[in-house]
Every structure is written in structure tokens, then in C-alpha cells.
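Each remark here refers to the structure printed beneath this line.
The values are calculated or read from the model by the stated rules, or taken from the named source; none is laboratory data. A quick note: this is a predicted structure, and the numbers were derived from the prediction, not measured. Glycine gets a Cβ as well: all are built from the backbone with ideal geometry, and neighbour counts include every protein chain shown. For the accessible areas, the whole protein counts, side chains as well, though only heavy atoms, and no ligand, DNA or RNA atoms are used. Shrake-Rupley method; radii C 1.70, N 1.55, O 1.52, S 1.80 Å.
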Amino acid sequence: MAAGGEGRSGTEGSGGGGGGGGEGGAGGGSSGAMLLNVGLLALALLAAYRLYARWARRSGPGAGGQPSQAAALPRMKRRDFSLQQLRHFDGARDPRILLAVNGKVFDVTKGSKFYGPEGPYGIFAGRDASRGLATFCLDKDALRDEYDDLSDLNAVQMESVREWEMQFKEKYDYVGRLLKPGEEPSEYTDEEDTKDHTKQE
């Protein structure tokens, strides 16, 4: 009986050793994949840190006063904007902050912590943010001084623009349209304006 038990132990031991050898071989093969994953994680953390550092650097002693100033602003009446008109609402020249996504203009003043001059997305204030949001680019390369029809974006990027548009619709007030060159602004009635704001609340 004892001998049988020892025999089993010996077999289990050698089987375990074989399994260990197998794992060691697999581990050696997957070490490259693990290094790749660690590298990608490090890059993601670095990107997140740089965004945070940029935001923290820009936040000055006066940053705390912005939200209350934004809260004091009356709700903006519905209207359409040319690119030049939109540029005025960058949070610096005017306390109100507007930006455009996919041809629609949103009042993001209540998100001034993010979209104001000191915020991490402040580059989009008073601008058409569509290209930057679609390509995840926070540089001036993503901004156009002329009307941007986004015709060179691929299907995935256009889908991203539409998703951003939906998020802005849910969170911020829709103010009007971004006008194409030569396009006339629409005339909005007070009734349309009120109906639109009630729908969003």
C-alpha cells in the first residue's frame, strides 16, 4: 500500500514537473507580448499624465471664479454662426464658451473647467472641434481657419464625430448651426427657442 502511494506520488511529481516545464516554455513565448502590453500601458499612462499636467499647469488662482461667472450668464438665444462669429466665444474675449461639432454649435460654458482657456480642451473653445475630436488630436493641426467639410475623414472617424455630437447634445445646450461659406442664418422664433431648451432639460 505504502509503495503504491509512493508510486502515485512519484508520478504526480514527474507530471507536475512536466507541466512546469510546459508553462516555462509558454511563459518564454509570451514574454514579448507581456512587454508589449506593459509598453502600451506605460504610453497610455504617460498620455494621461501629460493631459493632467497640462490642465494643472494652466489652472491658476482665478480658475475657481469661472463656474460662478458661467452660472450667472443667461441662456443664449438660438442663432447660427459663421466661423468668425464663433471665434469670439472662446472664454477669453467673452465669458461664454461655444464650440462646434459636426456642424452644430453648443454652449459649453458650464464645462469651462475643460473647455475654458485654462482647460485641457481649451484649444477647441470658439472653434469647430470636429476634426480634433475625430482624430483625438489636441494640437492646432486639428483646427481649420476655413470651413471644414470633413470630407477627407474615414468612416471610423466620421462615426466618432457623430458619437461626440450625441454626447454634446446630451450634456450641453444646442445653440444653432455652424454656417457654410455663403449660407444664410436661419430665423428662429422665441417659441422654437423655448421648445428646444425645454426638450433638452
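Points to keep in mind about this one:
- Residue check, Glu165 acidic (Asp, Glu), closer than 28 Å to Glu187 by Cβ, open to solvent by 70 Å² or more (accessible area, probe 1.4 Å) and modelled with pLDDT of 95 or more: no
- Segment 170-181, subset open to solvent by 20 Å² or more (accessible area, probe 1.4 Å) and in contact (Cβ under 8 Å) with a residue 24 or more places away in the chain, residue farthest from Ala129 (Cα to Cα): Pro181
- Flag if Arg87 is surrounded by fewer than 21 Cβ atoms within 10 Å (Cβ to Cβ), more than 11 Å from Leu178 (Cα to Cα) and out of contact with any strand residue (DSSP E or B) (no Cβ under 7 Å at 6 or more places or on another chain): yes
- Being closer than 17 Å to Met158 by Cα, assigned to a strand (DSSP E or B) and open to solvent by less than 10 Å² (accessible area, probe 1.4 Å) is a property that holds for Ala100.
- Residue-level check: of (1) at pLDDT below 90; (2) closer than 21 Å to Ser130 by Cβ; (3) open to solvent by 80 Å² or more (accessible area, probe 1.4 Å), Leu40 misses just (2).
- Test for Phe114: is it open to solvent by less than 50 Å² (accessible area, probe 1.4 Å) and at pLDDT 70 or above: no
- Positions within segment 133-151 being more than 17 Å from Ile123 (Cβ to Cβ) and open to solvent by 100 Å² or more (accessible area, probe 1.4 Å), in sequence order: Glu146, Asp149
- If the condition is being in contact with a strand residue (DSSP E or B) (Cβ under 6 Å, 6 or more places away or on another chain) and of a type outside the set (A, V, I, L, M, F, W, C), then segment 91-103 contributes Gly91, Gly103.
Residues are listed down the side, and each one gets a yes or a no for (1) among the hydroxyl-bearing types (Ser, Thr, Tyr); (2) assigned to a helix (DSSP H, G or I); (3) under 20 Å from Pro185 (Cα atoms):
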residue: Arg75; (1), (2), (3): no, no, yes
residue: Arg79; (1), (2), (3): no, no, yes
residue: Arg93; (1), (2), (3): no, no, no
residue: Val105; (1), (2), (3): no, no, yes
residue: Pro117; (1), (2), (3): no, no, no
residue: Glu146; (1), (2), (3): no, no, yes
residue: Leu153; (1), (2), (3): no, no, no
residue: Ser160; (1), (2), (3): yes, yes, no
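- Filtered residues of segment 152-161 (kept if crowded, with 17+ Cβ neighbours inside 10 Å and either closer than 15 Å to Tyr172 by Cα or of a type in the set (A, V, I, L, M) (or both)): Leu153, Val161
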